[in-house]
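Trainee: So that we are looking at the same thing, I have put the structure below in structure tokens.
The values are calculated or read from the model by the stated rules, or taken from the named source; none is laboratory data. Computed from a prediction, not measured in an experiment: that's the story for all the values here. When we count neighbours, we look across all protein chains shown, and the Cβ atoms used for this are built from the backbone with ideal geometry, even at glycine.
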Amino acid sequence: MKKRILTGDTPTGKLHIGHYVGTLENRVKLQSVYDTYIILANTHAYASNYASVDKINSDVYNVFLDNLAVGINPEISTIFLESGIPELFELYAFFLTMVKHSRVIRNPTVKDEIKYKKFEPSVGFIVYPILQAADILGFNADLVPVGADQLPVVEQTREIARDFNKTFGETFVEPQAKVGRVARLIGTDGKLKMSKGGENAILLSDDENTLKQKVMSIYTDPNRIHATDPGKVEGNPVFIYHDAFNPNKDEIVDLKLRYSNGKVGDIEVKEKLFIALNNFLRPIREKRKYYEERPKMTKEILIEGTKKARKVVIETVNKVREKTKLNSLLS
């Protein structure tokens, strides 16, 4: 049997090119090698803003389309809706009894997210790594393609699996994380990360005009006033994006050398980046349009995917019930 992947996204906005190099690219490459399940983690989104029901549903649909657009093949990968599998929440509830409060609040992913979003977190948000552990372990996933910021969550999942196995006997695989070729893509404004809201991100669904506007406004070397001034290449978003998405490596080497020596302006560097990114996004836009124009088909993909995924989780939860003797007094 193939080993299994569980990966996915919290639908809090459309996906961007940072998501592609961080995890989506790995999903597409590995889907024919692994038994792949992709979760649309809508319950996680409620933990950030439970009242925004319409926005969450809209975001779920957009993230769903983004996955299909980049090359996830629904004939070999299973895309499903988290809330459509109630057994995940039974597993989540049991894991909540296992994890100490001190362990929850020291998770760096949670602390970083709270700091970045600058909001008063709900209890559900603080413990979302435990729901994520239930998502992963519900499928007994061997591999979890994630962005670098989610590595602490996967490590906590491994701890939960280890503790459960030690207490109740071998049940769960301890999953391995796999980070993409660019662990974290800097924002267009030079900030540490791109936002799903799109404020400092190049979205996978951006049209050509929007892409051009975003590329031409990318933050570069603030100390470089004139094109004849030597510029800084390292840490410069324009060159980070060139390295990630421009297949013409000779062109990149030439641009970096001329930029460092003050022999090329920002406009030329950005125009060449626009061409590379537009060539990258064009087939993604086309495939997205294909699925957008077939709403009945896409809905069927999600419904059938959720049914298939639920069968896997039910099997896992039945084993957990047996091991923990949860319902032994009822039999």
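Trainee: Pairs needed: first member in the range 150-167, at pLDDT 95 or above; second member anywhere, of a type in the set (A, V, I, L, M, F, W, C) and surrounded by fewer than 16 Cβ atoms within 10 Å (Cβ to Cβ); C-beta distance under 9 Å; at least 6 residues apart or different chains.
Mentor: Cβ pairs passing all conditions: ILE160/MET98; ASP163/MET98; PHE164/MET98; THR167/MET98.
Trainee: Any residue that is surrounded by fewer than 17 Cβ atoms within 10 Å (Cβ to Cβ) and within 22 Å of the chain's Cα centre (by Cα) - is there at least one of those in the range 241-259?
Mentor: Scanning the range 241-259 turns up at least one residue that is surrounded by fewer than 17 Cβ atoms within 10 Å (Cβ to Cβ) and within 22 Å of the chain's Cα centre (by Cα).
Trainee: Residue by residue through the range 130-155, note down the ones that are of a type outside the set (A, V, I, L, M) and surrounded by 23 or more Cβ atoms within 10 Å (Cβ to Cβ).
Mentor: Hits for the range 130-155 are GLN132, ASP135, GLY138, PHE139, PRO145.
Trainee: Within the range 121-143, work out how many residues are on the phi < 0 side of the Ramachandran plot and either of a type in the set (Asp, Glu) or assigned to a loop (DSSP other than H, G, I, E, B) (or both).
Mentor: Selection size over the range 121-143: 7.
Trainee: Here's a follow-up. For residues that are surrounded by fewer than 19 Cβ atoms within 10 Å (Cβ to Cβ) and among the small types (Gly, Ala, Ser), scanning just the range 221-240, find the one that is farthest from ILE186 (Cα to Cα).
Mentor: ALA227
Trainee: Please give the number of the condition ILE284 fails out of (1) at pLDDT below 95; (2) surrounded by 19 or more Cβ atoms within 10 Å (Cβ to Cβ).
Mentor: Against the list (1) at pLDDT below 95; (2) surrounded by 19 or more Cβ atoms within 10 Å (Cβ to Cβ), ILE284 comes up short only on (1).
Trainee: Now a separate question. Taking the range 260-281 as the search range and keeping residues that are among the β-branched types (Val, Ile, Thr) and in a helix (DSSP H, G or I), which one is surrounded by the fewest Cβ atoms within 10 Å (Cβ to Cβ)?
Mentor: Filtering the range 260-281 for residues that are among the β-branched types (Val, Ile, Thr) and in a helix (DSSP H, G or I), the one surrounded by the fewest Cβ atoms within 10 Å (Cβ to Cβ) comes out as ILE267.
Trainee: Regarding GLU199, is this residue assigned to a loop (DSSP other than H, G, I, E, B) and within 19 Å of ASP66 (Cα to Cα)?
Mentor: yes
Trainee: Which of the following residues is more than 15 Å from the chain's Cα centre (by Cα), at pLDDT 95 or above and not β-branched (Val, Ile, Thr): PRO108, PRO121, PRO86?
Mentor: After applying the criteria, what remains is PRO86.
Trainee: Could I ask something else about it? Please list, ordered by first then second residue, the pairs with beta carbon atoms under 6 Å, 6 or more apart or interchain, first in the range 230-258 and without any contact (Cβ under 8 Å) to a residue 60 or more places away in the chain, second of a type in the set (Phe, Trp, Tyr).
Mentor: Close Cβ pairs satisfying both conditions: GLY231/TYR259; VAL233/PHE239; VAL233/TYR259; PRO237/TYR219.
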